[in-house]
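Structure first, then comments.
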Amino acid sequence: MGLEELRLGCAIKQKKGLHFILASVVSWCAILIIHLSKLPISTKNLFTFYATAPVVPLAFFISKIIKVDFQNKENPLNKLGVLFSVNQMLYLLIAMWVYPNIPQKMLMVIAIIFGAHLLPYSWLYKSKSYGVLSFIIPILSLVVGINFKPYIIALMMILIEILFSVSLIIENKSLSKG
């Protein structure tokens, strides 16, 4: 099997990662609720980290509902997709530094990291949505994060993730037709 066939197989069996994007909508909703609270910013930021923790188990649950082969062990490129996700964990060290030093900007940094980590998936899944949003999310997060309170970033991310999900559904439908 050639590289292009493996990429196509990954995109089809993984539904272009839709289960993870849907899980992130739930995570960003929790983050919005946290940042709308009257808790101190350091507590909000700690709870923000907690709110991101269930993304993988939630994506697994969603994968069962939307019929995604969560592990897809027969395609070696799936391991590459896992590596792309693990790579994001290294960047979260930046957010951990921001946490005590510039706490009011931590959510902005997390949103930037999230958006930037999408870029390699544009190649893996042959997806314009991932490619475009990997640039739009970090830039918007920076602009919004500099000018508005953190809960606005969470609200922005919910809206973007919903639009992203719709875009992936459309891309997946075109894959099944072609």
Which listed residue, of F148, F114, is over 13 Å from the mean Cα position of the chain (by Cα) and aromatic (F, W, Y):
F148
Checklist (1) in contact with a His (Cβ under 9 Å, 6 or more places away or on another chain); (2) assigned to a helix (DSSP H, G or I) applied to F70, failing item:
(2)
Taking segment 79-94 and keeping only residues that are open to solvent by less than 100 Å² (accessible area, probe 1.4 Å) and out of contact with any helix residue (DSSP H, G or I) (no Cβ under 7 Å at 6 or more places or on another chain), one is left with V82, S85, V86, N87
Residue tally, condition small (G, A, S) and farther than 23 Å from K16 by Cβ, over segment 64-111:
1
Between residues in segment 126-153 that are β-branched (V, I, T) and residues that are open to solvent by 30 Å² or more (accessible area, probe 1.4 Å), which pairs lie under 8 Å by C-beta distance while being six or more apart or on different chains?
I137/I112; I137/A116; V144/I152
What tally of residues in segment 137-158 results from selecting those that are among the aliphatic types (A, V, I, L, M) and under 20 Å from A23 (Cα atoms)?
8
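How many of the residues making up segment 35-68 are in contact (Cβ under 8 Å) with a residue 60 or more places away in the chain and either among the polar types (S, T, N, Q) or crowded, with 21+ Cβ neighbours inside 10 Å (or both)?
The initial filter retains those residues of segment 35-68 that are in contact (Cβ under 8 Å) with a residue 60 or more places away in the chain, namely 35-36, 41-42, 44-45, 48.
Restricting the remaining residues to those that are either among the polar types (S, T, N, Q) or crowded, with 21+ Cβ neighbours inside 10 Å (or both) gives 35, 42, 44-45, 48.
Result for segment 35-68: 5.
The values are calculated or read from the model by the stated rules, or taken from the named source; none is laboratory data. Keep in mind that this is a model prediction, so the values were computed, not measured. Glycine also receives a Cβ, built like all others from the backbone with ideal geometry; neighbour counts cover every protein chain displayed. Just the protein is used for accessible areas: all its heavy atoms, side chains included, with ligands, DNA and RNA removed. Shrake-Rupley method; radii C 1.70, N 1.55, O 1.52, S 1.80 Å.
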